[in-house]
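**Student:** Before I ask anything, here is the structure I am working with.
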Amino acid sequence: MSSEEVGYSIENHVATVELRRPPNNFLDIDLIGALATVLESLDQDASCRAIVLASAGKHFCAGANLKKRVDDEAAGKAQAARPRHLYHEAQRLVQTRKPIIAAVHGSAIGAGLGLALVADFRVTCKEARLAANFCSLGYHPGFGMTYTLPRLVGSQTAKWLFLTGRRVPGEEAVAMGLADRLVAQEDVRKVATQMASELANSAPLAVQAARETLHVGYFEAFRAATEREAFQQNMLRETNDFKEGVKAGFDRREPVFTGT
């Protein structure tokens, strides 16, 4: 089920799934749909017991390419209506059964951080930057993060990260519980694979059963979060502040928000 932009290989019961949109690995409905299809296929493959989610290029995932979307809409190139939403594809991710370790070797920004939080564990490095930068762009948090982020770091820390959009370096991410292991950048994927191998050494049916019990209510809460997030994002996408936030980010300057 590999595609041009999402590939995988399996060795010693560990599947390495790689996003292949370097250098930024911007995500969209097609990439997340392809990733979900790969993970679902691995659910059916008994030779896979654990998964490493990694990326080619500089960044783990720099989120959605909002600048392109704003430019397309301004040019009258709004996307044709799709039968499914990006977050419907994200919901498929959290319904898969095999444990996932994200190898965050570079930045995980916005929805890219949301993707990293879908994993069970995260390995990162001091060079990485993790940010829920939605509000700093005039946007509402998404990709289920209004549920997943407080679950990891607590409601107060999550609120601060959402409302400020600050970028958290890898060392601080581990200290606050946003990531699990801090290693040298060149070792991120290797250590993630070692952790996945430890998971693969346990009885696979027991691992999946225990994970399912620990995740009781997870999918329902994730789905509810994405539905509210999508509603709020649709409204804020029409504001001047959103357009200004995206443009300022692209121009690498401070935005001038007007509350309109």
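**Student:** Per the helix-only calculation at 222 nm, which mean residue ellipticity applies to the chain, given -39500 (n - 2.57) for every DSSP H run of n ≥ 4 and division by its residues, nearest 500 deg cm²/dmol? Don't skip to the answer; put the middle values down first.
**Tutor:** On the way: 11 runs with 121 residues, N = 260.
Calculated from helices alone, the mean residue ellipticity at 222 nm is -14000 deg cm²/dmol.
**Student:** With a 1.4 Å probe and every protein chain kept in, tell me what percent of the accessible surface of the chain is carbon plus sulfur.
**Tutor:** Numbers: 6580 of 12590 Å².
Here carbon and sulfur together make up 52 percent of the probe-accessible area.
**Student:** All other residues with a Cβ under 11 Å from the Cβ of residue 42 taken together, and with Lys, Arg as +1 and Asp, Glu as -1, what is their net charge?
**Tutor:** Details: positive: 49, 97, 98; negative: 40, 43, 45.
Result for the local shell: 0.
**Student:** Per residue, how much accessible surface does region 88-196 expose to a 1.4 Å probe? Answer in Å², no decimals. Please report the intermediate quantities before stating the final value.
**Tutor:** Values: 3980 Å² over 109 residues.
For region 88-196, the solvent-accessible area averages 37 Å² per residue.
**Student:** Ranked by accessible surface with a 1.4 Å probe, highest first, in what order do 85, 105 come? If you can, show how the numbers build up before the last one.
**Tutor:** Values: 85 70, 105 35 Å².
Listed by decreasing accessible area, they come as 85, 105.
**Student:** Let me ask you something else. Ordering 257, 219, 134 by how much accessible area each has at a 1.4 Å probe, largest first, what is the list? Could the numbers behind the result be given before it?
**Tutor:** Values: 257 85, 219 40, 134 15 Å².
Correct descending sequence by accessible area is 257, 219, 134.
**Student:** On to the next question. Report, as a whole number in µm² per second, the diffusion coefficient that Stokes-Einstein gives for region 148-234 at 25 °C and 0.890 mPa s using the Kirkwood radius over alpha carbon pairs.
**Tutor:** Numbers: Rh = 15.8 Å.
For these conditions, the coefficient is 155 µm²/s.
**Student:** I've got another one for you. Mind checking region 2-55 for GluC sites (Glu not before Pro) that DSSP puts in a loop (not H, G, I, E or B) and that have at most 14 other Cβ atoms within 10 Å? Spell out each step's value before the answer.
**Tutor:** Numbers: sites: 4, 5, 11, 18, 40; in loops: 4, 5.
Sparse-neighbourhood loop GluC sites (Glu not before Pro): 4.
**Student:** Write down the percent of antiparallel bridges among all DSSP beta bridges whose residues are both part of the chain, to the nearest 5. Don't jump to the answer; show the numbers that get you there.
**Tutor:** On the way: 8 of 27 bridges.
Approximately 30 percent, going by the DSSP bridge assignments.
**Student:** Now for a separate question. If Rh is defined by the Kirkwood formula over all Cα pairs and Rg also comes from Cα, what ratio Rg/Rh do you get for the chain?
**Tutor:** Ratio value, two decimals: 0.96.
**Student:** Comparing 210, 64, 111, which has the greatest mean-square fluctuation in the GNM of the chain with Cα pairs linked when under 10 Å apart?
**Tutor:** For the chain, modelled as a Gaussian network with Cα springs under 10 Å, the answer is 210.
**Student:** Within the set 126/159; 159/190; 126/247; 58/126; 98/159; 126/243, which residue pairs have Cα atoms separated by over 25 Å? Working shown, then result.
**Tutor:** On the way: 126/159 23 Å; 159/190 33 Å; 126/247 28 Å; 58/126 14 Å; 98/159 30 Å; 126/243 32 Å.
Among 126/159; 159/190; 126/247; 58/126; 98/159; 126/243, the Cα-Cα distance tops 25 Å for 159/190; 126/247; 98/159; 126/243.
The values are calculated or read from the model by the stated rules, or taken from the named source; none is laboratory data. Please read all numbers here as calculations on a predicted model, not as lab measurements. Positions of Cβ are backbone-derived with ideal geometry, glycine not excepted, and every protein chain shown enters the neighbour counts. The protein model used for the area step is the full one, side chains on, heavy atoms only, and it has no ligands, DNA or RNA in it. Shrake-Rupley method; radii C 1.70, N 1.55, O 1.52, S 1.80 Å.
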